[in-house]
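The values are calculated or read from the model by the stated rules, or taken from the named source; none is laboratory data. Here the structure is a predicted model, which is why all the values come from computation and not from measurement. Methodologically, a virtual Cβ is constructed for each residue, glycine included, from the backbone with ideal geometry; neighbour enumeration extends over all protein chains shown.
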Amino acid sequence: MQGTARNTRKPKLSNQPSVFKRYAANKYYFIMLLPVLIYYLIFHYGPMYGVIIAFQDYKFLRGVSGSEWVGLDNFRELFAGSYFLTVLRNTLIINFYKLVFGFPVPIILALMLNEVMRPVFKKVVQTISYMPHFLSWIVLSGLIIEFLSPSRGPINILLDMMGIAPVYFITDERWFRFILVVSDIWRSAGFTTIIYLAAIAGINTEMYEAAEMDGISRFKKIIYITLPSMAPVIVIMLILNAGSIINDDFEQIYNLLNVTVMNVGDVLSTYTYTEGLTRMNYSYAAAVGLFKNVIALILVLTANYFARKFSDEAIF
């Protein structure tokens with residue numbers, strides 16, 4: 001029996017290359033990746049040392065090493081303030097709306113473009129939908145403000161022709177969040193569609209051919225072939241977007257925000273900017289930023305956990 005046990009042992013695979021040899025064999029790929037790694041090390045991981053000031057009474061002239069350590073005092077002040085809770089609520093509400101209403105739009109747009117049979121028309125639609133992504137929020141904000149202007153905007157001109165009083169959209173609390181959500185969808189939906197179109201392009205065409213032979217309609221092909229094949233990409237994008245519920249778009253909101261809509265439009269990033277750079281309350285602003293990033297990490301990990309639990313797709 002012992003001889004049989006010895007004979008059934010699996011031989012070691014000595015021809016497997018070591019980790020270092022595999023890295024060396026793909027060294028040119030890592031050289032191409034090097035600028036990206038350097039960028040993240042310098043501008044993302046390097047500044048993480050500054051998180052220390054969230055636990056200090058930071059003074060600019062004393063620096064990080066000379067400032068007084070106060071522990072969790074900044075976080076106690078954070079949660080004790082009533083306005084911080086207002087800012088947190090605004091952030092969650094606005095980004096929840098963006099996720100719920102904005103996430104399906106590029107998927108639907110990709111499905112519609114995939115069904116377009118005329119290549120020229122398809123390229124024109126793609127170009128028009130991609131264009132806002134390449135414009136800064138400074139330019140887009142100016143266009144939005146002019147478009148919604150109570151005196152020059154086309155919407156208010158139409159309202160005036162119908163005998164309706166002009167609406168001050170940008171300064172109206174009832175409309176401000178709606179404007180943020182719609183403008184974000186307008187800017188990002190077209191560019192995000194590229195990811196889903198790439199996923200559709202990777203679907204095996206034989207499945208469509210077999211469906212045509214069975215007489216399945218185009219709508220049922222989308223439901224039973226296209227969408228299930230896109231599911232892995234959709235799940236991964238949903239996980240990545242989960243952290244955006246707490247991470248708002250500073251450039252968009254800062255350029256559209258005004259004093260009349262602060263109660264519904266001031267979010268964590270603009271609040272951090274005001275506290276850190278305007279009021280020079282650096283430690284408090286660092287505490288706000290650290291809180292936001294920790295919550296974003298928890299949201300991403302939670303979304304990844306449930307994605308792995310209920311499906312076969314997850315990031316890690």
Q) Where in the stretch 103-162 are there helices (runs of 4 or more DSSP H), lying fully within it, with 1 or more residues that are in contact with a Leu (Cβ under 6 Å, 6 or more places away or on another chain), under 16 Å from Val182 (Cβ atoms) and in contact (Cβ under 8 Å) with a residue 60 or more places away in the chain? A) 137-147
**Q.** Residue tally, condition among the hydrophobic types (A, V, I, L, M, F, W, C) and either within 12 Å of Thr91 (Cβ to Cβ) or touching a Cys at 6+ places or on another chain (Cβ under 9 Å) (or both), over the stretch 243-264
**A.** 5
Q) When only residues in the stretch 212-237 that are of a type in the set (Gly, Ala, Ser) and not in a loop (DSSP other than H, G, I, E, B) count, which is nearest to Pro132 (Cα to Cα)? A) Ala231
Q.
Any residue at all in the stretch 26-41 that's touching a Leu at 6+ places or on another chain (Cβ under 9 Å) and outside the structural domain of Tyr254 (by TED's automatic domain parsing)?
A. yes
(Q) If I filter the stretch 163-178 down to residues being touching a helix residue (DSSP H, G or I) at 6+ places or on another chain (Cβ under 6 Å) and in a helix (DSSP H, G or I), which single residue comes out as farthest from Leu109 (Cα to Cα)? (A) Glu173
Q | Out of Asp184, Asp214, sole residue that is more than 30 Å from Glu146 (Cα to Cα) and of a type in the set (D, E, K, R) | A | Asp214
Q: Go through the stretch 29-54 and give me each residue that's within 23 Å of the chain's Cα centre (by Cα), β-branched (Val, Ile, Thr) and loosely packed, with under 10 Cβ neighbours inside 10 Å.
A: Val36
**Q.** Of all residues making up the stretch 50-75, the number that are in a helix (DSSP H, G or I) and either closer than 11 Å to Tyr282 by Cα or in contact with a helix residue (DSSP H, G or I) (Cβ under 8 Å, 6 or more places away or on another chain) (or both)
**A.** 9
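Every residue, every condition in (1) outside the structural domain of Thr270 (by TED's automatic domain parsing); (2) more than 26 Å from the chain's Cα centre (by Cα); (3) hydroxyl-bearing (Ser, Thr, Tyr), yes or no:
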| residue | (1), (2), (3) |
| --- | --- |
| Gln56 | yes, yes, no |
| Arg62 | yes, yes, no |
| Gly81 | no, yes, no |
| Thr86 | no, no, yes |
| Pro104 | no, no, no |
| Met117 | no, yes, no |
| Thr127 | no, no, yes |
Q) Which residues, taken from the stretch 61-88, are within 17 Å of Leu268 (Cα to Cα), without any contact (Cβ under 8 Å) to a residue 24 or more places away in the chain and of a type in the set (S, T, N, Q)? A) Ser82
Q. Any idea which residue in the stretch 77-106 is surrounded by the fewest Cβ atoms within 10 Å (Cβ to Cβ), counting only those that are closer than 21 Å to Asn247 by Cβ and in contact with a Phe, Trp or Tyr (Cβ under 7 Å, 6 or more places away or on another chain)?
A. Leu78
Q | Restricting the stretch 138-182 to residues that are within 32 Å of the chain's Cα centre (by Cα) and acidic (Asp, Glu), the residue that is surrounded by the most Cβ atoms within 10 Å (Cβ to Cβ) | A | Asp172
Q | Every residue from the stretch 199-211 that is part of a helix (DSSP H, G or I) and surrounded by 12 or more Cβ atoms within 10 Å (Cβ to Cβ) | A | Ala199, Ile200, Met207, Tyr208, Ala210, Ala211
Q: Check the stretch 218-239 and report whether any residue there is in contact (Cβ under 8 Å) with a residue 12 or more places away in the chain, closer than 28 Å to Leu143 by Cα, assigned by TED's automatic domain parsing to the domain that holds Ile108 and within 26 Å of the chain's Cα centre (by Cα).
A: no
Q: Looking for whichever is touching a helix residue (DSSP H, G or I) at 6+ places or on another chain (Cβ under 6 Å) and either outside the structural domain of Leu85 (by TED's automatic domain parsing) or part of a helix (DSSP H, G or I) (or both) here; the options are Leu277, Leu297, Leu290, Leu301. Which one fits?
A: Leu290
Q.
Quick check on my filter: what residues within the stretch 24-60 are among the small types (Gly, Ala, Ser), under 21 Å from Val288 (Cβ atoms) and without any contact (Cβ under 8 Å) to a residue 40 or more places away in the chain?
A. Gly46
